[in-house]
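The values are calculated or read from the model by the stated rules, or taken from the named source; none is laboratory data. Fair warning: this is a prediction, and the values are worked out from it, not measured in the lab. Cβ coordinates were reconstructed from backbone atoms using ideal geometry, including for glycine residues, and neighbour counts include every protein chain displayed.
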Amino acid sequence: MIISELRVHLKSEEEQEMPYNYGHDMLKQIIELASQSAPSNFANELSPKNKKFSISRLQIDNPSENNPYSLNKNDYANFRIFATDPYIIEEFDRILSNSNNFNVFGLNFSIDEISFRTIDLNNRPALPNPVHIFFVTPVSFVSNGIENPFPTPIDFFSSLTRIWDIWFPALEINSQDLLDKMNEIHVKYAKGSVNRIPYEDVFVNGWRGLVKIDFSDNVDRAVLSKLIRLGSLAGVGRLRNSGFGRYRLIFQKRENTD
């Protein structure tokens, strides 16, 4: 259950202000770089419709507390690319390694370094109960043509199961048993709002903020944990590979009983 991560380190070429952004901004620039690179079949696969990779939003490495979106000259930022197929990671690495500049939404960067690591979902511990999930970009789901701008357990885990089948087609996971127990998985608490975000020629309505998901002892915690950890890298829901539906896990500090 290995996921590869390609982290692209960018250096700011001038003082500039970074807007709040999504992963589809990065994909557009990579597509442009691919058109300037040596011909490759992979260039034809660079599309939001390709569900086999995920690109994070751009983040400043050490943001200022007073102005977290401000970049000075020579400050650093990064974004990450995730996939389980080594070919996909190699092609992204080739495209970016052959490029010097990375200009996105009016900002000027140079590509400083590209680093690589692998993440083994089998080596990650089971998640606590409840699970604290913070959606940093809006998440929504579409079922029978109807948009749901909130991560209900059935929409959330159904999406994660489909992602698992795409990213790990040869590895079965007992997801059906989990889906059969949706009445034992609940959103215990939520704090956030539904954001309306323009995307291409439409608007996407999605939840951004915190949700706490709890579950009964009858739920397979190992399966639930693997699916949620996968989603923290791949995104979840509608347009997840375009930067939407990205979340991070929040772990509560243990009290010191000494």
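List of remarks:
- Members of the range 72-107 found to be in a strand (DSSP E or B) and at pLDDT below 90, listed by number: N101, F102, N103, V104, L107
- Neighbours by Cβ (under 9 Å, 6+ apart or cross-chain): first from the range 76-92, over 18 Å from P48 (Cα atoms); second of a type in the set (D, E) and outside any strand (DSSP E or B): Y76/D61; A77/D61; N78/D61
- Residue satisfying all of: in the range 49-92; of a type in the set (G, A, S) and more than 14 Å from the chain's Cα centre (by Cα); nearest to E17 (Cα to Cα) among these: S70
- Qualifying residues in the range 153-211 (those that are farther than 24 Å from T137 by Cβ, among the acidic types (D, E) and loosely packed, with under 14 Cβ neighbours inside 10 Å) - the one nearest to the chain's Cα centre (by Cα): E172
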